[in-house]
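Here is the structure we will look at, set down as structure tokens.
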Amino acid sequence: DFTAFCGYSPSYFYRKFVKETGYAPMKYFMHLKIDKACFFLINTDMKVTQIAYRLGFRDPQHFARVFTAAIGMSALEYRKQQWNE
């Protein structure tokens, strides 16, 4: 358990993490994954399904829903918009 490794109780770690980052730990982790997905979409020609698997999503459809909820558009729309700028 990561909290035990840090020497904190789970509740203390959670509160401290939110205070420092502004995110709950799992939301922060997902935020990092979406940032990495954006990087891959802009800088590679990897397919969206490849990006999903590379970031640890077992279901590309789940990745698509998470990405759209976080960014406000699909991964393909995001890629197209970034390439047109």
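The values are calculated or read from the model by the stated rules, or taken from the named source; none is laboratory data. Since this is a predicted model, take the numbers as computed values, not measurements. Here the Cβ is made from the backbone with ideal geometry for all residues, glycine too, and neighbour counts use every protein chain on show. What goes into the accessible areas is simple: the full protein's heavy atoms, side chains included, and nothing from ligands, DNA or RNA. Shrake-Rupley method; radii C 1.70, N 1.55, O 1.52, S 1.80 Å.
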Roll a 1.4 angstrom probe over the protein heavy atoms and tell me the percent of accessible area of the chain that is carbon or sulfur. 58
Taking the dipole of the chain about the Cα centre (Lys, Arg +1; Asp, Glu -1; charges at Cβ), the one of S11, T49, W83 that reaches farthest to the positive side is S11
Taking the simple approach of a point 7 Å from Cα along Cα-to-Cβ for both M26 and Q50, what is their distance in nm? 3.1
If you average 1/r over all unlike Cα pairs in the chain and invert the result, what Kirkwood radius do you get in angstrom? 14.3
Tilt, helix 75-84 to longest principal axis of the chain (alpha-carbon atoms), in degrees rounded to tens, equals 60
